[in-house]
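A.B. asks: Dumping the structure here so I can ask a few things about it.
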Amino acid sequence: MDIAVETVTDIVMRLRAIEVKEGNTDPDSGSNPIDDGSTDVLTSGTDDATESEVRGLIAGLDDDSRAELLALLYIGRGDMEPEEWSEAVRFAREREAAGEGAVRELLGSPDAGDLLEEGLDAMGLSPELPQA
């Protein structure tokens, strides 16, 4: 595996930051963070920088690293086994070529951060990550 474990770890942490957010439940509340005790902090909105950071980070990876990131997702999700690493990477490259990119698949997968961590674990690469 050529993608740096630290890079995957960074993406995992950012994905988890997105996953804990909830949709905007009261868009016209006129809420003031000082008055309401910052209860809207975990609410995602259109100005949320975290998702755009993840998009930029993944898009900035080279083709091989993006394919390996997706392969980790497939292994973590149980679609493929660690012994099928080469096949997982090949399948990920095919998905990328078909226009179903890593950004779309990762951001569209519930618990993608946890699945990437499980993929790393399955590959014998277990970085120290705070538990979600």
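The values are calculated or read from the model by the stated rules, or taken from the named source; none is laboratory data. It should be emphasised that the depicted structure is a prediction, and the values quoted were computed from it without experimental measurement. Here Cβ is always computed from backbone atoms with ideal geometry, including for glycine, and neighbour counts include all displayed protein chains.
A.B. asks: Mind checking which residues of the stretch 62-80 are basic (Lys, Arg) and within 10 Å of residue 112 (Cβ to Cβ)?
C.D. replies: 77
A.B. asks: Further question: Go through the stretch 89-104 and give me each residue that's closer than 26 Å to residue 17 by Cα and acidic (Asp, Glu).
C.D. replies: Selection gives 96, 100.
A.B. asks: Could you pull out the residue among 107, 129, 72 that is modelled with pLDDT of 95 or more and closer than 20 Å to residue 17 by Cβ?
C.D. replies: 72
A.B. asks: Is there any pair linking a residue in the stretch 108-120 that is in contact (Cβ under 8 Å) with a residue 24 or more places away in the chain to one that is surrounded by 17 or more Cβ atoms within 10 Å (Cβ to Cβ) and β-branched (Val, Ile, Thr), with Cβ under 7 Å and at least six apart or on different chains, and which?
C.D. replies: Matching pairs, first to second residue: 113/12; 116/8; 116/11; 116/12; 117/12; 119/75; 120/8.
A.B. asks: Considering only residues that are among the hydroxyl-bearing types (Ser, Thr, Tyr) and either surrounded by fewer than 13 Cβ atoms within 10 Å (Cβ to Cβ) or modelled with pLDDT under 75 (or both), which ones fall in the stretch 1-37?
C.D. replies: Those that are among the hydroxyl-bearing types (Ser, Thr, Tyr) and either surrounded by fewer than 13 Cβ atoms within 10 Å (Cβ to Cβ) or modelled with pLDDT under 75 (or both): 25, 29, 31.
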